[in-house]
1. Would region 27-101 count as rounded, prolate or oblate if I go by the C-alpha gyration tensor, calling it rounded below 1.5 in a/c and otherwise prolate when a/b exceeds b/c, oblate otherwise?
2. From the Cα gyration tensor of region 67-135, with a ≥ b ≥ c the square roots of its eigenvalues, which class applies: rounded if a/c is under 1.5, or else prolate if a/b is larger than b/c, or else oblate?
3. Taking the Cα centre as origin and putting +1 on Lys and Arg beta-carbons and -1 on Asp and Glu beta-carbons, what dipole magnitude results for region 82-123, to the nearest 20 debye?
4. If amide H atoms are built 1.01 Å from N in the plane of the peptide, which residues on other chains or at least 5 residues away come under 5 Å of the amide H of residue 103?
Amino acid sequence: MTDPLEHARNGVEPNGYQGSGDEDEGFAFTSHELVDWVESLAAMLESVDRSQNQYWCSQWWKHPEAVDRFRGLYEQWLEAQANGGMSSWWIDHYDRHATTLFTKRGPFGECGTTHTEKTARRILATEQPPQGWHW
């Protein structure tokens, strides 16, 4: 089993991005801090229940959508810690992301007690709008 902190120790982003090992571009925190925060959050959660069709993956950093959601959650958590408003953080941020993160249709939906590669990861197609299109 791969050590979840291995990427952080080596200064490598969870999704394979080789950063400087310092602060992530555009974020006021490092990947080390994010890993520590997600581990702390996961250790205290009691509301994610497999018997209720909720899913978690100990290798959360292998799920690009989850990483981006956790980055956003952590950023908002830091703001709530600095300015007060942890209740709002739980309701307005965590609860909304949790409904996607931990459901069968979410990034961890095929994981159980170990990481499982998604069998059919669907990439949404997009097309360019016609020339002259505007909103």
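1. Oblate, because a/c is 1.5 or more while a/b does not exceed b/c.
2. oblate
3. Around 240 debye, computed over region 82-123.
4. Result for residue 103 returns 55.
Throughout, read-outs are computed from the coordinates displayed, never taken from laboratory work. Just so we're clear, the structure is a prediction, and the values are computed from it rather than from any experiment. Heads up, the Cβs are rebuilt from the backbone with ideal geometry, glycines too, and the neighbour counts pull from every protein chain shown.
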